[in-house]
Amino acid sequence: MANKNIPFQTVLNQRLSRRNFLVASSTLVAAGAMSGCHFTQPQSADAAAPHLSFTELPQGLDKTLSVSPGYTPQVLIRWGDALFDGVDDFDPQNQTAERQAKQFGFNNDFIGFLPLPLGSQNSDHGLLTVNHEYTNATMMFPGSPKPAALDKAQTDVDIAAHGLSVIEIKKHDGQWQVVKNSPYTRRITPNTPMQMSGAAAGSDRLRTAISQDGVHTLGTYGNCAGGVTPWGTVLTGEENIDNMFAGDFSDSAEKENYERFGMEAKGRKSWASHYPRWDMSQQPNEPLHMGWIVEIDPYDPNSIPQKRTALGRFKHEGCNVFITKDQHVVAYTGDDQRFEYLYKFVSKNRYQPDDREANKQLLSEGTLHCARFHDDGTVTWLPLVYGQGPLTKANGFDSQGDVYLDARKAADLLGATPMDRPEDVEVNPANGKVYVMLTNNSERQDDQTDAVNPRANNRAGQIVELIAPNGDHTAERFNWEMLLLAGERNDPSTNYHPDTTENGWLACPDNCAFDQQGNLWIATDGAEKFGIADGIWACPVEGRERGLTKRFLRTPVGAELCGPFFTPNDKNLFCSIQHPGGKSTFENPLTRWPDFDDKMPPRPAVVVVTKNDDGVIGG
Ligand code: FEO
Ligand code: CA
Ligand code: CA
């Protein structure tokens with residue numbers, strides 16, 4: 001609808017009239033007005049609008065996991081469960097790296113369900129790929145050692161608990177089972193051989209002890225969220241990779257870059273104490289191998305994961321792709337750090353439904369853009385193209401590869417909008433709009449607010465909706481709306497639907513999923529600081545109940561909820577329960593979920609929720 005050829009006033013009028021016309025649009029932030037941000041009452045009911053009929057779960061905070069009445073959570077797989085035959089039972093008192101490398105890893109985050117066989121829509125049999133984002137040494141090892149104090153054997157366990165797991169799962173008589181030792185079973189770790197692809201591959205800056213050519217590399221870690229592509233691969237985002245490094249980098253050419261990532265000479269973990277690879281004083285370029293989106297083909301256990309440099313280097317939360325009408329691939333990805341940016345990639349080549357191998361190269365070449373939000377409700381996508389505008393030698397860029405390696409700096413120069421920590425960014429399959437989870441930003445000051453990041457000391461986050469003109473996701477200019485300003489129910493800076501109950505408010509949206517009706521399922525990380533458990537809330541995004549959030553699931557104390565993912569038939573909802581017990585101790589944890597066995601610490605686990613009548617979740 002809006003594009004750069006339409007005068008501003010016309011855009012604004014369209015936007016305002018659409019708001020009045022569209023039922024229950026939740027934003028009133030044009031021109032940055034924060035007051036009056038509360039929900040506009042619907043002008044007309046939309047009989048066809050989706051409705052969520054589940055019974056709302058009360059708020060609360062306790063030792064176990066709870067779901068809406070009429071639904072059942074099944075613990076599918078836990079940290080330490082063996083993925084292969086011949087692996088000893090999990091023994092938290094005597095964990096070894098060898099065993100951990102064949103077991104489910106720690107702190108599961110993103111979950112992708114990929115039906116079997118490839119290309120089918122099977123919802124009863126498939127592959128599950130799961131990120132293991134990070135570890136809590138204090139919850140993993142007897143005696144709760146400090147993360148930086150692990151000895152070599154513990155460090156090897158710690159390293160092996162990172163990366164991803166690929167497992168095969170099947171549903172029999174309503175129960176899901178893990179197929180142990182399946183031909184697809186795979187652990188991907190910080191030591192799995194991988195390759196760099198795209199313009200930064202082979203860069204001199206990527207040459208290290210483990211990569212003589214700047215192309216071959218090892219491993220992935222800090223894997224937060226991700227996405228599944230229409231061609232059946234998984235994208236995983238490398239996020240807080242700074243934690244693994246230590247060592248003096250004050251003389252490095254990458255000093256500014258590393259400081260912005262949060263690297264510290266002192267370090268926070270033990271890896272650099274035992275392996276020079278993670279010691280920046282010895283391997284000053286090693287951190288440049290991290291901070292990418294990695295594409296993995298879980299259907300081929302021998303495939304070499306590819307780091308897609310064309311999607312830029314930063315703290316990727318995740319990545320989700322959308323195929324446009326003209327078959328270009330658009331990928332959305334957020335940089336999850338305070339005041340960092342939102343990005344969009346548009347592929348050079350086109351998706352070919354019948355050529356999977358060609359599709360697997362689509363994310364290697366294209367144009368990366370950063371987002372500049374305007375207070376008039378538009379957002380401009382600015383291309384990160386070497387040689388264009390400020391992205392030249394004068395500003396330190398010698399190639400397109402440099403632009404990808406220094407994507408943050410390039411986006412600074414282009415004038416991207418500093419955001420309140422972009423987490424998941426996903427396209428709603430029902431309406432084609434894009435939803436951006438902005439989790440919080442306690443450091444934003446009053447004089448740094450704008451319409452899309454409207455609150456200083458933003459503790460509870462917001463959800464922003466992006467609307468591509470005529471559904472054209474390649475367009476340079478979109479519109480945006482504020483779907484939700486989260487926080488406590490009675491906080492006047494929130495914009496909840498008037499029918500939101502005392503159980504329907506939420507804080508710190510992190511990951512999300514959509515059902516086929518287009519309802520938004522929101523996973524949170526940080527609600528506990530408001531006295532309620534993290535978990536899942538859901539809301540329609542169209543119609544009279546647009547933005548009416550309802551609580552569906554509560555995590556056990558200390559845990560966040562990540563990676564919600566539906567099977568194609570919407571009858572199974574996979575959820576990651578990450579860090580149950582939070583920051584307590586191995587011997588005296590806040591909960592022993594899910595085993596509730598005095599000999600077992602709490603264990604991060606994947607839960608699958610089904611409806612007791614075998615119906616559609618939420619329906
Ligand atoms: Fe790993 Fe952005 O949370
Ligand atoms: Ca996250
Ligand atoms: Ca998180």
Proximal aspartates and glutamates relative to K348, as straight alpha-carbon distance under 13 Å, when same-chain residues fewer than 8 apart are discounted: D326, E365
Heavy-atom surface of the stretch 286-430, accessible at 1.4 Å and reported per residue (Å²): 30 Å²
Alpha carbon centroid spacing (whole Å) that separates the stretch 81-125 from the stretch 273-294: 27 Å
Span from the the stretch 521-597 Cα centroid across to the the stretch 317-334 one, whole angstrom: 26 Å
Over the stretch 470-599: Rg over Rh, Cα atoms, Kirkwood Rh: 1.04
Protection proxy ranking of 273-281, 523-531 - average other beta-carbon atoms within 10 Å, highest first: 523-531, 273-281
Spin-label pair D613/A265, simplified geometry with 7 Å Cα→Cβ offset, distance in nm: 6.6 nm
Of W521, A149, L466, farthest towards positive along the dipole that unit charges on Lys, Arg, Asp, Glu beta carbons give the chain: L466
The chain: DSSP helices with Cα axial extent of at least 15 Å and average Kyte-Doolittle hydropathy no lower than -0.5: none
Added length on full extension, which subtracts the Cα-Cα distance from 0.36 nm per residue, T585 to D499: 26.9 nm
Magnitude of the charge dipole, the stretch 518-619, Cβ model with Lys/Arg +1 and Asp/Glu -1, debye to 20: 200 debye
Per-residue [θ]222 nm for the chain (sum of -39500 (n - 2.57) over DSSP H runs n ≥ 4, rounded to 500): -2500 deg cm²/dmol
Global size of the stretch 65-221 as Cα Rg and Dmax, reported in angstrom: 18.0, 58
Fraction of accessible area attributable to carbon and sulfur, the chain (%, probe 1.4 Å): 49 percent
Kirkwood Rh (inverse of mean 1/r, distinct Cα pairs), the chain, angstrom: 24.4 Å
Distant-in-sequence amide H partners of T64 (H built 1.01 Å from N, under 5 Å): V557
Computed over the stretch 402-479, the ratio Rg/Rh where both radii use C-alpha atoms and Rh is Kirkwood: 1.01
The stretch 555-561 - phi-based ³J(HN,Hα) in whole Hz, Karplus 6.51/-1.76/1.60, Gly and Pro as x: 7, x, 3, x, 8, 10, 10
Three-way shape label, the stretch 314-445, alpha-carbon gyration tensor, a/c 1.5: oblate
Furthest towards positive pole of dipole, P556, V385, H132, structure part the chain, Cβ charges: V385
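Please give the per residue accessible area of the stretch 51-150, computed with a probe of 1.4 Å over protein heavy atoms only, in Å².
Heavy-atom accessible area per residue stands at 38 Å².
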FRET efficiency, Q177 to N457 (Cβ-Cβ, R0 56 Å, nearest 0.05): 0.75
Residue-by-residue Karplus 3J(HN,Hα) for the stretch 449-464, coefficients 6.51, -1.76, 1.60, Hz, glycine and proline x: 7, 8, 5, 8, 10, x, 10, 6, 6, 6, 8, 10, x, 8, 10, 10
Net charge of neighbours whose Cβ lies under 12 Å from the Cβ of S211, counting Lys and Arg as +1 and Asp and Glu as -1: +1
Within the chain: Cβ-based charge dipole about Cα centre, in debye rounded to nearest 20 (Lys, Arg +1; Asp, Glu -1): 540 debye
Between the stretch 252-271 and the stretch 356-389, the Cα center-to-center distance that results, in Å: 28 Å
Amide H contacts under 5 Å for F141, placed H, 5+ residues apart: none
Ordering of 569-581, 121-133, 200-212 by burial proxy (mean other Cβ atoms within 10 Å per residue, highest first): 569-581, 121-133, 200-212
Candidate aspartates and glutamates - alpha carbon under 16 Å from K102, same-chain residues fewer than 8 apart omitted: D81, D85, D88, D89, D91, D156, D158, E168
Accessible surface, the stretch 479-619, averaged per residue in Å² (probe 1.4 Å): 27 Å²
Per-residue HN-Hα couplings for the stretch 322-328 [Karplus 6.51, -1.76, 1.60; θ = phi - 60°; Hz; x = Gly/Pro]: 9, 9, 7, 4, 8, 6, 7
Kirkwood Rh, angstrom, the stretch 377-531 [1 / mean 1/r, Cα pairs]: 17.2 Å
Cα radius of gyration and Dmax for the stretch 563-613 (Å): 13.8, 41
Within straight-line cross-link reach of K529, lysines at Cα separation under 18 Å, skipping those fewer than 8 residues along the same chain: K63, K583
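The values are calculated or read from the model by the stated rules, or taken from the named source; none is laboratory data. Being a predicted model, the structure only gives us computed values, none of them experimental. Positions of Cβ are backbone-derived with ideal geometry, glycine not excepted, and every protein chain shown enters the neighbour counts. Surface accessibility is based on the protein's heavy atoms, side chains included, excluding ligands, DNA and RNA. Shrake-Rupley method; radii C 1.70, N 1.55, O 1.52, S 1.80 Å.
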